[in-house]
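The values are calculated or read from the model by the stated rules, or taken from the named source; none is laboratory data. This one's a predicted model, so the numbers in the text were calculated from it and none came from an experiment. Here the Cβ is made from the backbone with ideal geometry for all residues, glycine too, and neighbour counts use every protein chain on show.
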Amino acid sequence: MEENGRLIKFLYNEDREVVAEETSNGTITRYIRGLGIISSDSEEAKTYYHYVSDEQGSITHVLSEDAEILNHYSYDAFGNIIEKTEKVENRFCYNGEMLDPVTQQYYLRARFYNPVIGRFTQEDTYYGDGLKLYQYCQANPVGYVDPSGHNCGTTQSRYNSDEEQHPKANAAGGYQSATEKGNSKT
């Protein structure tokens with residue numbers, strides 16, 4: 001994509017989350033993810049940043065390696081940035097999602113979300129005809145999240161589904177998925 005005269009390429013993982021970014025000058029930034037975005041690094045720039053998020057996954061601070069606060073963000077319920085202090089460029093904001101700096105809309109994998117109107121700018125292709133094809137999080141962004149752009153769920157469901165997808169180490173040194181917990185004999 002071209003952004004302010006610069007060509008920027010993104011690399012996505014199987015969940016359609018950005019895991020790397022390359023600018024036209026050759027700078028590559030890698031994003032490390034856990035339950036949300038955790039940190040980023042750039043070998044060329046020799047930088048490492050740690051992301052701090054709130055209970056919804058919104059990035060509230062970006063810290064340097066030395067724990068210096070470089071960026072600070074505050075949001076309203078729908079994701080509009082109401083307070084911003086930014087020393088380093090950052091495109092991940094509300095709910096840890098990627099903000100397009102040109103349009104000021106969030107990319108939610110399937111479509112773009114506009115926080116000013118609190119709605120998606122494209123209709124939901126999963127639900128066909130209906131009255132709420134542009135609605136974001138059932139008009140309740142405090143209680144729900146929609147990282148895919150197709151399905152909203154509770155804020156807690158974001159963490160539960162991630163726990164089910166990734167195995168956990170058990171005391172015996174083996175691995176056990178969240179769905180195997182009840183059937184385990186260890």
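Among residues of the range 48-92 being under 22 Å from GLY118 (Cα atoms) and β-branched (Val, Ile, Thr), the one that is nearest to the chain's Cα centre (by Cα) is ILE59.
Does the range 162-171 include one or more residues that are within 17 Å of ALA77 (Cβ to Cβ) and either modelled with pLDDT under 85 or surrounded by 15 or more Cβ atoms within 10 Å (Cβ to Cβ) (or both)? Step through it out loud before you land on a result.
Initial filter on the range 162-171 (within 17 Å of ALA77 (Cβ to Cβ)): none.
No, the range 162-171 contains no residue that is within 17 Å of ALA77 (Cβ to Cβ) and either modelled with pLDDT under 85 or surrounded by 15 or more Cβ atoms within 10 Å (Cβ to Cβ) (or both).
Could you say which residue among ARG30, ARG16 is among the basic types (Lys, Arg), out of contact with any Cys (no Cβ under 8 Å at 6 or more places or on another chain) and within 22 Å of PHE112 (Cβ to Cβ)? Write out each step before concluding.
Values: ARG30 fails: within 22 Å of PHE112 (Cβ to Cβ).
When all the criteria are applied, what remains is ARG16.
Given the condition more than 25 Å from THR103 (Cβ to Cβ) and aromatic (Phe, Trp, Tyr), answer yes or no: does some residue in the range 45-55 qualify? Give the steps one after another, and end with the answer.
As a first pass, look at the range 45-55 and keep what is more than 25 Å from THR103 (Cβ to Cβ): 45-48, 50, 52, 55.
Adding the requirement that they be aromatic (Phe, Trp, Tyr) leaves 48.
There is at least one residue in the range 45-55 that is more than 25 Å from THR103 (Cβ to Cβ) and aromatic (Phe, Trp, Tyr).
Condition check: surrounded by 13 or more Cβ atoms within 10 Å (Cβ to Cβ), modelled with pLDDT of 90 or more and under 30 Å from GLU22 (Cα atoms). Does TYR144 satisfy that? The answer is no for TYR144.
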